[in-house]
Every structure is written in structure tokens, then in C-alpha cells.
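Worksheet for the structure shown next.
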Amino acid sequence: MPWTICSTAPTSSFASTRLQNRIRLTASDAVVGAADRTISRILELYFGPNLTKEELRTLALSRPNDPLKPFSEACRDELSALQREA
């Protein structure tokens, strides 16, 4: 039985847009760009083809590229720069 997208899909999409806009208010261009790419990738995966339970298990265990990694690295770089300035 494939996993299906639940009825909260529009709510999830709106929540990510709100988060993206809050990031744009205070973050550097590098962090904003990483956030934009990360949110786009997450939405692509979310609205992509449904996976079977076995496909989901295989994907989780294979540890493909972490969609959050570039964003978290950009945030750490910005935090380090801010701490050096303080």
C-alpha cells in the first residue's frame, strides 16, 4: 500500500512560505538562498510520487543527500561570522 499525501498539504505549503519570508527578513543572502533551495527540495519530495513502505525504508536507510544540510551549513557559517564580529 503506497503512502498518500494527507489533507494538510496546503497548510504545510503555506507554513513553509511563512517561514521562508521570516528568514528573508533577518538572514544573509547566503542563508536566504540556501533556505529557498531547501524549501523547494522539500516540496518537490513532498509532492512527488508516493513511496511504498519498503521504498521509504530503503530511502531512509541509504541516507541520500540531506536536503537540510546546505541550509544548516549556511546558518552555521553566518552564526560564526556574527560571533567573530561580537
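Where a number appears in this text, it was derived from the coordinates with a stated rule and is not lab data. Computed from a predicted model, the values in this text were never measured in an experiment. Ideal geometry is used to build each Cβ from the backbone, glycine not excepted, and the neighbour counts take in all protein chains shown.
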Which ordering of 85, 55 is given by a fewest-first count of other beta-carbon atoms within 10 Å? 85, 55
Per the C-alpha gyration tensor (a ≥ b ≥ c, the square roots of its eigenvalues), region 10-85 is rounded if a/c is under 1.5, else prolate if a/b beats b/c, else oblate; here it's oblate
If R0 = 41 Å, then residue 60 and residue 86, at their Cβ-Cβ distance, give a FRET efficiency to the nearest 0.05 of 0.55
How do 34-41, 23-30 rank on mean C-beta neighbours within 10 Å, highest first? 34-41, 23-30
Net charge dipole size for region 10-85 [Lys, Arg +1 and Asp, Glu -1 on Cβ; Debye, nearest 20]: 180
Compute the distance in nm between two label points, each set 7 Å from the Cα along the Cα-to-Cβ direction, one at residue 43 and one at residue 17. 0.8
Positive-end residue, region 10-85 charge dipole about Cα centroid, Cβ charges, pick of 27, 48, 80: 48
